[in-house]
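**Student:** To start, I am sharing the structure in question, which I have written as C-alpha cells.
The values are calculated or read from the model by the stated rules, or taken from the named source; none is laboratory data. Keep in mind it's a predicted model, so treat the numbers as computed, not measured. Here the Cβ positions follow ideal geometry from the backbone for every residue, glycine too, while neighbour counts run over all protein chains shown.
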Amino acid sequence: MLSVLRSIVQEVNNATSLDAALGIIVLRVQEAMTTEVCSIYILDVVQNRYILKASKGLKEDAVGRVSLGYSEGLVGLVGVREEPINLEHAQEHERYRYFPETGEERFESFLGVPIIHHKKVLGVIVVQQASNSRKFDEGEEAFLVTISAQLASVIAHSEITRSMESTTITGEAAQDITFRGVAGAPGVAIGRSVVVFPVADLDAVPDRDAVNIQEDIELFEQAIQAVRLDIQKVGERLSTQLRPEEQALFDVYLNMLDDNALAGEVKNKINAGKSAQTSLKMIICEYARHFELMNDAYLSERAVDIKDLGRRILSYLQKDSKSQLNFPENTVLVSDELTPTMLGEVPRDKLVGLVSVKGSGNSHVAILARAMGIPTIMGVLDMPLNRLDGKDLIVDGYSGELFVSPSERLKHYYRQIVEEEKLLDQGLEKLKHLPCETKDGHVISAWVNTGLMTDVVRSINQGAEGVGLYRTEVPFMINERFPSEQEQIICYREQLEAFAPNYVTMRTLDIGGDKSLPYFPITEENPFLGWRGIRVTLDHPEIFLVQMRAMLKASVGLDNLRIMLPMISSVNEIEEALHLIYREYHEIRAEGFDVTMPQIGVMIEVPGAVYQVKEFADRVDFLSVGSNDLTQYLLAVDRNNPRVASLYHTFHPAVLRALYSIAKDAKEMSIQLSICGELAGDPAGAVLLMAMGYDALSMNASNLLKVKSVIRGIDLAWAKRLLEDVLVLDSPYIIQSTLNLALKEAGFTRYLRPAKILEEINT
C-alpha cells in the first residue's frame, strides 16, 4: 500500500489542474482499495453545500450536478463531525441518503473521510461497496486519511489560485484577494510586488512574461553554451575514471541542450511570450514529470538528471538577469523565505514592505524589519508565490493581512491609516530629548537594538540613550567570508563613535538557529537546540578571539564598550569566555593599546539560565534577558514555524513569571538588569518590565518614542498594580486584553494600532 500511496501522491503533485488531480485520486483509490465507487465532494462555501466534483463508479453526468446540504446525509455527517465514518451497513444509519440521479445502486458499505486544511473542512472523500457488505479495515481507513491530507493542500492551493485568476460579472479582474499570515513588523505598506527566489530553485521561479523576447532568447543561448562547456569540462576531467557506458551520460546531457530537444522547446515558450526563466521552468518540470511517472525504475530516476540540468541552466540565467531586476518606487519584496541579503539588494528608499511564505513574527528577518521600520507579514503559507509578481499589494503589518489587487476603496482606507501613522510619529518627536521617566520620578534607560548602519541614524534621531544590543552577526551575514580583524574594527568603531559617550552593548557572534552564514553553513535536525551562539564561538576560539581583539581595539579612547555573551547555559561557558577575553585584553595592552576593560555580561535566554541568575551575577557585570528566545524555549515553540505561531505569546503567564523571577534574583544580587527582546518595545510589555524592576529596556528605534510616551504618562505605582493584576491571570489572551484595556483607560489607545474611525469598506 505504501508504494501505491507514493505513486498517487506523485501523480497528484504533477497534475496540471484540480480536476485532473481529483480524477487521478478517485481512479487510483478505487483501484487500490478494490471498491465499486470512489467519490469526492467539495464544499461550496457560498452555497454551503457539498458538490460532487469527481467520481469513479457513478454516472459521469452526475458530477457537478449532485449536491448535499452542509449537514445532509452521511457525507454531511462526516463534515460536521470532522472525522472518518466507517459503516458496514450504511442503509441502516438514520443519516443515509439515496440519490437515484447518480445511477448508483443502494450501496451497503460506506467509508467517508473529511478533507481538512488548517482546521477548515474543504470536502469529503468517500468509498462505497454494494455487491457484498464490507467493513473497511483500519489499514484502508488510514490509507484514505493519508490521501485526504494530501488532497487538502491541493484543493486549498487550487481555490486560491482560481480566486486570483477569476473575473467579475463585468469582466474585470478579481480585487481585494486576501491572504492571512502572521504580523511580522507593524505598519502599512501600499506598493507593487517583486518576487525574489533562491539561487537555482526551479520551483520558486515566478510566472513572468518576457519584457524583450529577443533579449531573453540571447540570454538563454548564452546560458546553454555556458552549461555545455561545464559538462564538457567535467566529462573530460572524469574520462579516465569512468567506463564508456558511464561516460555516455555526459553525451546525453549535451544532446538535451540541442535545439531539436529541450533547448528548442524552451525557445518556443520564450517566443510565445514567457520569460527565459519561466519558460525553462515549464519545460524542465514537464520533462521531469514524464520521467517520474514511468514504471521503469531506471527511467523514473532520470527525472533527477533533468532537474539537475535545469538548475544548471537557471543559475546562469540568474547571473545574467540579476542586474536587470527592476525595483519600482514602492517595492514590496515577496519570497518563499526572506533573508537579510535579499533585503540588502533593494535600495532602501524603494523598499516599503516585506512578505514571506515561511517564517513567523519572531524570525530573524522580521526582527530586522522591525528595526528598519518596514511593514512585514510572515508565514503566508497558502500564497501562490509564482502568480504574485508585479501585483499591487497592501501589507497590513498590524493584522498580518495581505491584500492582492486591492480596490481603490481599500487603498483609500489604508492611505488614511498611513497618514495617521505619520501624524503620530510627528507628535512624538518632541519627546526624543526628554528622559524616560514616570510622572512620579522613576527613571528607566531607553536603549535600542542595532545591526545595520541605517539603524544608527534612526536611533540617534529617536533620542536613544545607548545600545542594549548590537547584533555583530549582521556584518558577518552580509559578507562573503569571515570579516577580517581590521574590517570588524571599522564596523565596531562606527557604532561606538556614533553613540559615545553612551554605552554600546555588543553581542558576540550569534549564529545558528535561523541565522546562518552562507560560507559557514550549519545543518542540523533541530537547529534551535543545537550548535548556536556561544557554543559555536567557544568551539572556534580563532573566530571568538579575532572578534574580541577587534572590539577592544575599536573602543580605544571611547571606553563605552560592553560585551555580551549569548546563549549561555552554564557557568563553565562564562568562565571559558572570560578567560579568552582577559587573555586578549592583556595581549592588546602589551602591544601598546590603551584599552579599558569593558563590562562583561551574559544573556538570559534559555530556561536553565533562569535558575542560575545568582551564579551568573557572581561572575559578570550585568545581565540582559533575550525574551524572544526565552519565550521560544519556555513554550517549546519554534518561532519560525507559522503553523504554531499562535502558541508563541510573549504575555504567556509562564513567560511573565520567569521574567519576574529573573528580576527578583537580579535585585537581590544588586546587578544591573536589562532586556533586549521584542517585549521591551511593546508599550504594555515595557510597563510590566519597569514594574518588575528592569533597569533598561532595549528595543527597535521605531518603538522607542512610543514606549517613552507611555512611561512618561503613568506612575510607577500604577504599573505595579497592573503587574499584580496580570500575574494572577492564567491565559495570555486574557492578559493581553487586560493590558489593552488598561492602556485605553490611561489614554494610550493610539499605540495599540491606528485608531481613526473610518467608514466601513463595504458600505
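**Student:** Kindly check whether there is at least one residue in the range 511-521 that is surrounded by 15 or more Cβ atoms within 10 Å (Cβ to Cβ) and among the charged types (D, E, K, R).
**Tutor:** Within the range 511-521 (the criterion being surrounded by 15 or more Cβ atoms within 10 Å (Cβ to Cβ) and among the charged types (D, E, K, R)), the answer is yes, since at least one residue qualifies.
**Student:** When residues of the range 442-498 are filtered for being farther than 22 Å from residue 365 by Cα and among the aliphatic types (A, V, I, L, M), how many remain?
**Tutor:** Matching residues across the range 442-498 total 9.
**Student:** Next question, about the same structure. If the requirement is being of a type outside the set (Gly, Ala, Ser), modelled with pLDDT of 85 or more and either out of contact with any Pro (no Cβ under 7 Å at 6 or more places or on another chain) or buried (at least 17 other Cβ atoms within 10 Å of the Cβ) (or both), which of these qualifies: 220, 197? Don't jump to the end; show me each part of the working.
**Tutor:** On the way: 197 fails: modelled with pLDDT of 85 or more.
The match here is 220.
**Student:** Restricting the first residue to the range 536-547 and requiring it to be among the aromatic types (Phe, Trp, Tyr), which pairs with a second residue that is buried (at least 17 other Cβ atoms within 10 Å of the Cβ) meet a Cβ separation below 8 Å and a spacing of at least six or different chains?
**Tutor:** That search, which allows pairs on different chains as well, returns 544/508; 544/509; 544/537; 544/538; 544/577.
**Student:** So, one more: Given the condition farther than 17 Å from residue 604 by Cα, part of a helix (DSSP H, G or I) and assigned by TED's automatic domain parsing to the domain that holds residue 527, answer yes or no: does some residue in the range 661-680 qualify? Even if it seems obvious, please write down each step before you answer.
**Tutor:** Keep residues of the range 661-680 that are farther than 17 Å from residue 604 by Cα, which gives none.
For the range 661-680, residues farther than 17 Å from residue 604 by Cα, part of a helix (DSSP H, G or I) and assigned by TED's automatic domain parsing to the domain that holds residue 527: absent.
Listed here are the residues, each with its yes/no results for (1) part of a loop (DSSP other than H, G, I, E, B); (2) touching a Ser or Thr at 6+ places or on another chain (Cβ under 9 Å); (3) of a type in the set (Asp, Glu); (4) closer than 19 Å to residue 627 by Cα.
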| site | (1), (2), (3), (4) |
| --- | --- |
| 440 | yes, no, yes, no |
| 447 | no, yes, no, yes |
| 463 | yes, no, no, no |
| 469 | no, yes, no, yes |
| 474 | no, yes, no, no |
| 486 | no, no, no, no |
| 489 | no, no, no, no |
| 493 | no, yes, no, no |
| 497 | no, no, yes, no |
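**Student:** Here are some conditions: (1) within 22 Å of residue 679 (Cα to Cα); (2) in contact with a helix residue (DSSP H, G or I) (Cβ under 9 Å, 6 or more places away or on another chain). Residue 443 meets all but one. Which one does it not meet?
**Tutor:** (2)
**Student:** Right, next: Quickly run through the range 717-747 and pick out the residues that are more than 16 Å from residue 650 (Cα to Cα) and buried (at least 19 other Cβ atoms within 10 Å of the Cβ).
**Tutor:** 719, 722, 742, 743
**Student:** Condition check: modelled with pLDDT under 85 and either buried (at least 16 other Cβ atoms within 10 Å of the Cβ) or touching an Asp or Glu at 6+ places or on another chain (Cβ under 6 Å) (or both). Does residue 348 satisfy that? If you could, list the steps in order and put the result at the bottom.
**Tutor:** Details: modelled with pLDDT under 85: yes; either buried (at least 16 other Cβ atoms within 10 Å of the Cβ) or touching an Asp or Glu at 6+ places or on another chain (Cβ under 6 Å) (or both): no.
The answer is no for residue 348.
**Student:** Going through 494, 480, 525, 465 one at a time, which residue ends up being in the same structural domain as residue 698 (by TED's automatic domain parsing), surrounded by 14 or more Cβ atoms within 10 Å (Cβ to Cβ) and among the acidic types (Asp, Glu)?
**Tutor:** On the way: 494 fails: surrounded by 14 or more Cβ atoms within 10 Å (Cβ to Cβ); 480 fails: surrounded by 14 or more Cβ atoms within 10 Å (Cβ to Cβ); 525 fails: surrounded by 14 or more Cβ atoms within 10 Å (Cβ to Cβ).
From the options 494, 480, 525, 465, the qualifying one is 465.
**Student:** Of all residues being aliphatic (A, V, I, L, M) and over 15 Å from residue 356 (Cα atoms) in the range 171-194, which is modelled with the lowest pLDDT? Just the residue, please.
**Tutor:** Here is the first cut: in the range 171-194, the residues aliphatic (A, V, I, L, M) are 173-174, 177, 182-183, 185, 188-190, 194.
Cutting the leftovers down to over 15 Å from residue 356 (Cα atoms) gives us 173-174, 177, 188, 190.
Details: 173: 53, 174: 56, 177: 81, 188: 90, 190: 93.
My answer is 173.
**Student:** From the residues in the range 18-77 that are in a strand (DSSP E or B), in contact with a helix residue (DSSP H, G or I) (Cβ under 9 Å, 6 or more places away or on another chain) and among the β-branched types (Val, Ile, Thr), which one is nearest to residue 8 (Cα to Cα)?
**Tutor:** That would be 40.
**Student:** Okay, next question. Considering the range 621-636 alone, what residues qualify as being surrounded by 21 or more Cβ atoms within 10 Å (Cβ to Cβ) and assigned to a loop (DSSP other than H, G, I, E, B)?
**Tutor:** If the condition is that a residue be surrounded by 21 or more Cβ atoms within 10 Å (Cβ to Cβ) and assigned to a loop (DSSP other than H, G, I, E, B), then 626 is the only one that fits.
**Student:** Output the qualifying pairs, or none if there are none: Cβ atoms under 8 angstrom, residues six or more apart or on different chains, first residue in the range 50-74 and in contact (Cβ under 8 Å) with a residue 60 or more places away in the chain, second residue basic (Lys, Arg).
**Tutor:** Short answer, once both residue conditions are applied: none.
**Student:** Next question, about the same structure. Residues that are over 21 Å from the mean Cα position of the chain (by Cα) and within 23 Å of residue 701 (Cα to Cα): does the range 368-380 have at least one?
**Tutor:** In the first step, residues of the range 368-380 are kept if they are over 21 Å from the mean Cα position of the chain (by Cα); the result is none.
No, the range 368-380 has no match at all.
**Student:** Any residue at all in the range 582-597 that is within 37 Å of the chain's Cα centre (by Cα), under 17 Å from residue 554 (Cα atoms) and not hydroxyl-bearing (Ser, Thr, Tyr)? Before the answer, list the steps.
**Tutor:** Start the filter on the range 582-597 by keeping residues that are within 37 Å of the chain's Cα centre (by Cα), which leaves none.
The answer is no; no qualifying residue exists.
**Student:** Which ones in the range 510-523 are over 24 Å from residue 458 (Cβ atoms) and touching a strand residue (DSSP E or B) at 6+ places or on another chain (Cβ under 9 Å)? Walk me through it before giving the result.
**Tutor:** Taking the range 510-523 as the starting set, the residues that turn out to be over 24 Å from residue 458 (Cβ atoms) are 511-513, 516-523.
Listed by number, the residues that qualify are 511, 522.
**Student:** Checking the conditions here, which among 323, 279, 335, 275 is under 30 Å from residue 191 (Cβ atoms) and at pLDDT below 85? Walk me through how you get there before you give the answer.
**Tutor:** Numbers: 279 fails: at pLDDT below 85; 335 fails: at pLDDT below 85; 275 fails: at pLDDT below 85.
After ruling out the rest, the residue left standing is 323.
**Student:** Would you be able to tell me the number of residues in the range 361-420 that are polar (S, T, N, Q), in contact with a helix residue (DSSP H, G or I) (Cβ under 6 Å, 6 or more places away or on another chain) and part of a loop (DSSP other than H, G, I, E, B)?
**Tutor:** At the first step, the residues of the range 361-420 found to be polar (S, T, N, Q) are 362-363, 376, 386, 399, 405, 407, 416.
Next, from what is left, pick out any that are in contact with a helix residue (DSSP H, G or I) (Cβ under 6 Å, 6 or more places away or on another chain): 362, 376.
Within this subset, residues satisfying the condition of being part of a loop (DSSP other than H, G, I, E, B) are 362.
Here the count works out to 1.
**Student:** Let me ask something additional. Residues to consider are 609, 550; find the one that is in the same structural domain as residue 669 (by TED's automatic domain parsing) and either within 30 Å of residue 641 (Cα to Cα) or part of a loop (DSSP other than H, G, I, E, B) (or both).
**Tutor:** On the way: 550 fails: either within 30 Å of residue 641 (Cα to Cα) or part of a loop (DSSP other than H, G, I, E, B) (or both).
So the residue among 609, 550 that is in the same structural domain as residue 669 (by TED's automatic domain parsing) and either within 30 Å of residue 641 (Cα to Cα) or part of a loop (DSSP other than H, G, I, E, B) (or both) is 609.
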